[in-house]
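**Q** One structure coming up, written as C-alpha cells, with questions to follow.
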Amino acid sequence: MRLLTLTLCLVPTLGVAQSRFTPEEARILQKGLTVTAEEFILPAYRTQEEAAARLTSALGDYCGSDGALDEVRDGYADLFLAWQRAGLVQLGPVTEAEGPMRVQLWPDPKGFSRRAVLAAQNDEDPAMLEEGALEGRSIALVNLTALEDLVQSDLTPGSYSCDLARAIADYQDELAQGFVDEWTPGAPFRDAFDSAAEGNETYGSVDDLIREFLSGLVVSTDRIRKNKIARGLGAEPGETYPERTEAVASGLGLESIRASFSGLADLYEVPGGFFEMTPEAGGLMDHYMHGQTARSVAETLQGETRSLVEIAEADGEMAATLRRYGELLVFQEAYLKAGLAESLGLTAGFSAADGD
C-alpha cells in the first residue's frame, strides 16, 4: 500500500472513475504530468542512481587501499544532495515500504541510525556484507544517515566498517535503480502514471493522480520548512539548536536546503510540465511566482560559505533570513494544498498530515 494513501482522504478506485475535467482538460493535464515525469522526475532519479554508483566505486577503491577518503566523502555529498531533489516528488514506488526513510532517516532524534551502525560494528557479522543481505533489514542501518556516520568517521581501509559502508552504498544504488526502472516509460508504474486520464487500476482518473502528486509536494515543502530550517534555527533568535540541524557530520545542511529550493524551482518551471499546463484547465498561474522565489532563494544560498551549524551558532542575519525563507514555504504549501487544488476543482484529498 502506498504511504501517501495515509495522507489522502480517498478510497482507492479500480478502473475508470468520473473526472471533474472535460476530456480535453484531462488530456492537457495528463500531458503536463507526463512531461514532468520525463523532464524532472526520471532525470532526478537517474542522477541519484549515478551518484550512488560512483560512491560505491569510490568506496571499493578506498576500502581496497587504492583510493582517497575525500573522494568517498565527495561521492556521499553528491548522493545526499541528489536525493534532496529526487525526494521532492513523494509519489509512486518511493512511497512503498517506507521508501523515503529507507533513503534518508531524518530527523532521527533518538539516534536509531547511530545505534544500528554501532551494533553492526560490534557484531561484525560477515553475512551482512553479502550481496543483497541488507534487503529487508532495519531502515536505521541502510539509509543515508547511517552511511554519513560511517563515511565521516575515521574509516579504515580493509576494516569491517569500510565494507559495511560499501554494502549500504550498494543498497542505495539498487534502491535508486529500482526507482529509475519504475519511472522509465513502459514500466508498470510509469504506464499507470501516463494513462491516468484514461483510468486504470492504479488511478481511476487524472484527478486521483493530481491529488496524490500535490499531496506529496505539500509533504515535501512542509518537511523543508519544519525539518531543514525550523528544527535547528527555531522560530525566533535565541531558539537555535545547531546540533539538531541536518547532516551535521558532513556539513551538508545548508546545501540540502539550497538543493531543495533549486529543485522546487525546476519543478515549477518544467516547460510544458504540469504546472505550466494547469491554467489550461482553470488553474492558477502562481507557480511562476513560486518558481522565481525558490530560484532566488537557491541563488542567494549559493554564495554562503558557512555551514548551517555555524549559521545556527551565530544566530545572526543569515539565521533570520533562513527563517524568512521557511515562512515563504507556507505560501507555497497554501498554493499547492488549497489555491491550485481549489482552482482545479479538486477540493478533497488533503489532511492535517499534509502540513499545516
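**Q** Which residues, taken from segment 188-242, are of a type in the set (A, V, I, L, M) and under 30 Å from ALA320 (Cβ atoms)? Lay out the reasoning, then the answer.
**A** To start, the set of residues in segment 188-242 that are of a type in the set (A, V, I, L, M) comprises 192, 196-197, 206, 209-210, 214, 217-219, 224, 229-230, 233, 235.
Result: LEU217, VAL218, VAL219, ILE224, ILE229, ALA230, LEU233, ALA235.
**Q** Answer with yes or no whether GLU124 is open to solvent by 50 Å² or more (accessible area, probe 1.4 Å), within 25 Å of ALA58 (Cα to Cα) and in contact (Cβ under 8 Å) with a residue 24 or more places away in the chain.
**A** For GLU124, the condition - open to solvent by 50 Å² or more (accessible area, probe 1.4 Å), within 25 Å of ALA58 (Cα to Cα) and in contact (Cβ under 8 Å) with a residue 24 or more places away in the chain - is met.
**Q** Identify all residues within segment 41-61 that are basic (Lys, Arg) and touching a residue at least 40 places away in the same chain (Cβ under 8 Å); write none if there are none. If you could, list the steps in order and put the result at the bottom.
**A** Here is the first cut: in segment 41-61, the ones basic (Lys, Arg) are 46, 54.
Within segment 41-61, ARG46 is the sole residue that qualifies.
**Q** Follow-up question, since we're still on this one. Could you pull out every one of the helices (runs of 4 or more DSSP H) wholly within segment 222-302 that has 1 or more residues that are among the polar types (S, T, N, Q) and surrounded by fewer than 23 Cβ atoms within 10 Å (Cβ to Cβ)? Explain how you work it out, then say what you get.
**A** Numbers: elements: 253-268, 274-277, 287-302.
In segment 222-302, 253-268, 287-302 are the helices (runs of 4 or more DSSP H) which contain 1 or more residues that are among the polar types (S, T, N, Q) and surrounded by fewer than 23 Cβ atoms within 10 Å (Cβ to Cβ).
**Q** Give the residue that is nearest to PRO100 (Cα to Cα), with candidates limited to residues of segment 122-180 that are hydrophobic (A, V, I, L, M, F, W, C) and part of a loop (DSSP other than H, G, I, E, B).
**A** Our first condition is that a residue be hydrophobic (A, V, I, L, M, F, W, C); within segment 122-180, this holds for 127-129, 133-134, 139-142, 144, 146-147, 150-151, 155, 162, 164-165, 167-169, 175-176, 179-180.
Adding the requirement that they be part of a loop (DSSP other than H, G, I, E, B) leaves 133-134, 155.
Details: ALA133: 20, LEU134: 16, LEU155: 26 Å.
Residue satisfying both the conditions and the ranking: LEU134.
**Q** In segment 269-295, which residues are in contact (Cβ under 8 Å) with a residue 60 or more places away in the chain and closer than 18 Å to ALA259 by Cα?
**A** To start, the set of residues in segment 269-295 that are in contact (Cβ under 8 Å) with a residue 60 or more places away in the chain comprises 270-278, 280-283.
Across segment 269-295, the qualifying residue is only VAL270.
The values are calculated or read from the model by the stated rules, or taken from the named source; none is laboratory data. Just so it is clear, the structure is predicted and the values come from calculations on it, not from any experiment. So basically every Cβ, Gly included, is an ideal-geometry build from the backbone, and we count neighbours across all protein chains shown. To get the accessible areas, we keep the full protein, side chains included, count just its heavy atoms, and leave off ligands, DNA and RNA. Shrake-Rupley method; radii C 1.70, N 1.55, O 1.52, S 1.80 Å.
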